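These notes are about the structure you will find just below.
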Amino acid sequence: MRVLVLGGTTEARALYGLLEHARARFDATVSLAGVTRAPVLPRLAVRIGGFGGVDGLYDWLLAHRIDAVIDATHPFAVRMGANAVQACTRAGIALLRVERPGWTPVEGDHWIRVVDMQAAAHALGSTPRRVLLTVGRKDLLPFHHADVHDWLLRSVDRPDASLLPPGARVLQARGPFDVAAEEALLRDERIDVIVTKNSGGTATYAKLAAARALGLPVIMVDRPPVAAAPTVADAAGAMAWLERLYAHDSSTRREV
Ligand code: NAP
């Protein structure tokens, strides 16, 4: 069975591992957007870069005779998810989305929930604050106008200087992070508030536990709505779905 995995997440990486061990049944290609400079590459076929919208993805799926698509992109990667729904529907190809559950506040958390980055910038207010920004590089523009604040941006890659809010410092780091190190960072940098998006998962949760321990507020950007598709929460769920599809496909072929 020929499978396309739209990747770029921890769940996708876990799925690559499972697919590497199931080569006898699944011929998988992983697709990455090409936004991370040194991505973690699987031992599977890899293609890098956009497809060229819905039409480009549709053509690619047909040209490579893909039987199933797993959309394991990030909960905030809404464009790719929507394109996958449209292209797979048009091509009649089975599609599954892997989406990790979002974080929910627990006792002691002080979250200010907002709908988007614009609202996050607004929620910071006009009193100067030391802000830890853990958002992607394409999310930075709304913070350019909130120029009274002191920014520490944490990011896997260093964004172009033109994308950074005025005076922002960059801390290049890739998760997973642990709570003790996160507490030390917040203390050493005298951070007043964290701005993050509700990515979910364990790799970057430690900052929230550290903020709770230090009594710091977190401006939490809620997840955007995603295009509807059958969804599982993790790589094991995606693999089980693929195995069911494979079993069904094999029995249909035997009957024919
Ligand atoms: P997006 O806004 O949904 O997608 C923008 C465009 O990038 C898509 O239309 C598509 O181009 C291309 N693209 C996205 N994911 C792709 C993939 N896996 N393979 C090939 N092309 C892809 O996505 P994004 O938010 O920029 O995220 C880009 C990548 O970074 C995704 O793989 C995502 O899983 C990962 N990521 C995103 C975030 C986040 O917060 N957004 C965080 C961590 C990781 P075409 O229309 O030309 O096909």
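For the reader, a short list of remarks on this structure follows.
- Considering only residues in region 156-194 that are touching a Ser or Thr at 6+ places or on another chain (Cβ under 8 Å) and not in a loop (DSSP other than H, G, I, E, B), the one that is least open to solvent (accessible area, probe 1.4 Å) turns out to be Ile194.
- Taken together, Ala146, Ala121 contain a single residue that is surrounded by 14 or more Cβ atoms within 10 Å (Cβ to Cβ), in contact with a helix residue (DSSP H, G or I) (Cβ under 6 Å, 6 or more places away or on another chain) and not in a loop (DSSP other than H, G, I, E, B), which is Ala121.
- Matching entry among Ala28, Ala45, Ala14, Ala38 (being modelled with pLDDT under 95 and either out of contact with any His (no Cβ under 6 Å at 6 or more places or on another chain) or within 22 Å of Thr202 (Cα to Cα) (or both)): Ala38
- A search for C-beta distances below 7 Å between a residue of region 227-256 that is more than 18 Å from Ala12 (Cβ to Cβ) and any residue that is of a type in the set (Lys, Arg) and part of a loop (DSSP other than H, G, I, E, B), counting only pairs 6+ apart in sequence or on different chains, returns Tyr246/Arg25.
- Listed by first and then second residue, the pairs linking a residue in region 66-90 that is within 12 Å of Phe51 (Cβ to Cβ) and open to solvent by 10 Å² or more (accessible area, probe 1.4 Å) to a residue that is near the ligand (Cβ under 7 Å from one of its atoms) and among the aliphatic types (A, V, I, L, M), with Cβ atoms under 7 Å apart and 6 or more places separating them unless they lie on different chains, are Met80/Leu6; Asn83/Leu57.
- Subset of region 34-49 (residues that are surrounded by fewer than 18 Cβ atoms within 10 Å (Cβ to Cβ) and in contact with a helix residue (DSSP H, G or I) (Cβ under 7 Å, 6 or more places away or on another chain)): Val40, Arg43
- For Thr231: the one exception among (1) in contact with a Phe, Trp or Tyr (Cβ under 7 Å, 6 or more places away or on another chain); (2) polar (S, T, N, Q); (3) closer than 15 Å to Thr73 by Cβ: (1)
The values are calculated or read from the model by the stated rules, or taken from the named source; none is laboratory data. What you see is a predicted model, and the numbers here were worked out from it, not measured in a lab. FYI the Cβ positions are ideal-geometry reconstructions off the backbone, even for glycines, and counts take in every protein chain you see. To get the accessible areas, we keep the full protein, side chains included, count just its heavy atoms, and leave off ligands, DNA and RNA. Shrake-Rupley method; radii C 1.70, N 1.55, O 1.52, S 1.80 Å.
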